[in-house]
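A.B. asks: The structure under discussion is supplied below as structure tokens; questions concerning it will follow.
The values are calculated or read from the model by the stated rules, or taken from the named source; none is laboratory data. The shown structure was predicted, so the numbers you read here are calculated from the model rather than taken from an experiment. Neighbour counts are summed over all protein chains in view; Cβ atoms, including those assigned to glycine, are modelled from backbone coordinates with ideal geometry. Please note that ligands, DNA and RNA were not included when accessible areas were found on the heavy atoms of the full protein model with its side chains. Shrake-Rupley method; radii C 1.70, N 1.55, O 1.52, S 1.80 Å.
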Amino acid sequence: EFRAALEKYQEISEQGYESTALYYNMGNAYFKSNQLAKAILYYERALQISPYDDDVKQNLKIAKEGTIDRFETVPHPLVRTAYVSILTALTPDNWAIVSVVCVLLLLAGTFMYLFTSFRRPGFVLGVAALLLGVLSISFAFGHQSYLQQNRPAVITATSSYVKSGPSDKAEDVFILHEGTSAVVTEDYEGWKKIKLPDGKVGWIESRDLVEV
């Protein structure tokens with residue numbers, strides 16, 4: 001009874017509850033109900049909570065095999081890939097927590113340096129905590145900025161023309177179909193600028209996609 005299950009899942013979701021299991025089961029129910037775009041959307045939401053869940057990744061892969069659009073992923077420079085991996089290793093909130101811990105360690109190191117005989121260990125601890133704290137704060141702001149400029153989304157319209165600019169009168173540059181994943185980088189008056197895995201960019205009407 002997939003449709004009945006979806007009604008119950010939606011009620012739970014509308015109450016503000018979220019979990020990997022909820023989104024995973026919503027994805028399964030939508031997939032069984034032949035609603036491919038919504039199935040992919042909820043699998044993606046489940047992966048945001050549990051990015052290493054093999055069941056979710058497997059079902060997402062199966063769902064994406066039913067989409068029309070195919071793209072070759074553009075490789076990024078090794079340095080940028082490493083930087084993004086470090087940046088996204090923790091959430092912005094977790095990076096902020098790390099910075100607070102570093103402040104406490106900095107205070108401990110300062111105390112050791114000024115008021116105990118362990119001046120050298122205190123100095124080393126203080127300097128290390130200061131450097132790590134500055135990096136943590138930078139990563140917290142950097143990760144937040146990265147998330148704002150790289151918001152995953154799924155095309156929910158059966159098909160949608162992507163424009164060269166945020167206007168109906170702008171030139172059509174390509175067409176996307178239901179279930180295609182993209183990244184939103186900008187918003188403007190009912191339009192969203194998106195980027196595809198192959199590097200193509202364009203503007204699409206906001207109503208034609210849903211952000212993960």
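A.B. asks: So LEU60 clears everything in (1) assigned to a helix (DSSP H, G or I); (2) touching a Pro at 6+ places or on another chain (Cβ under 9 Å); (3) not acidic (Asp, Glu) except one condition, right? Which one?
C.D. replies: (2)
A.B. asks: I'm trying to understand the selection: among the residues of segment 183-210, which are part of a loop (DSSP other than H, G, I, E, B) and open to solvent by less than 70 Å² (accessible area, probe 1.4 Å)?
C.D. replies: Taking segment 183-210 as the starting set, the residues that turn out to be part of a loop (DSSP other than H, G, I, E, B) are 189-190, 196-200.
GLY190, LEU196, PRO197, ASP198, GLY199, listed by residue number.
A.B. asks: Need the failing condition index for ALA82 against (1) more than 24 Å from VAL154 (Cα to Cα); (2) of a type in the set (A, V, I, L, M); (3) surrounded by 12 or more Cβ atoms within 10 Å (Cβ to Cβ), just the number.
C.D. replies: (3)
A.B. asks: Please specify each residue of segment 40-79 satisfying the condition of being within 18 Å of the chain's Cα centre (by Cα), open to solvent by less than 30 Å² (accessible area, probe 1.4 Å) and under 15 Å from ALA182 (Cα atoms).
C.D. replies: Of everything in segment 40-79, those that are within 18 Å of the chain's Cα centre (by Cα), open to solvent by less than 30 Å² (accessible area, probe 1.4 Å) and under 15 Å from ALA182 (Cα atoms) turn out to be ILE40, LEU41, TYR42, TYR43, LEU60.
A.B. asks: Hey, can you tell me all the residues within segment 150-182 that are open to solvent by 10 Å² or more (accessible area, probe 1.4 Å), part of a strand (DSSP E or B) and within 13 Å of ILE68 (Cα to Cα)?
C.D. replies: Passing the criteria: SER159, ILE175, HIS177, SER181.
A.B. asks: Assuming PHE71 fulfils every condition listed in (1) farther than 18 Å from GLU211 by Cα; (2) assigned to a helix (DSSP H, G or I); (3) among the aromatic types (Phe, Trp, Tyr); (4) touching a Ser or Thr at 6+ places or on another chain (Cβ under 9 Å) apart from one, which condition is it?
C.D. replies: The number of the failed condition is (2).
A.B. asks: From the list ALA129, ALA108, ALA170, ALA153, which residue is under 16 Å from the mean Cα position of the chain (by Cα) and at pLDDT 95 or above?
C.D. replies: Values: ALA129 fails: under 16 Å from the mean Cα position of the chain (by Cα); ALA108 fails: under 16 Å from the mean Cα position of the chain (by Cα); ALA170 fails: under 16 Å from the mean Cα position of the chain (by Cα).
One residue alone meets the criteria, ALA153.
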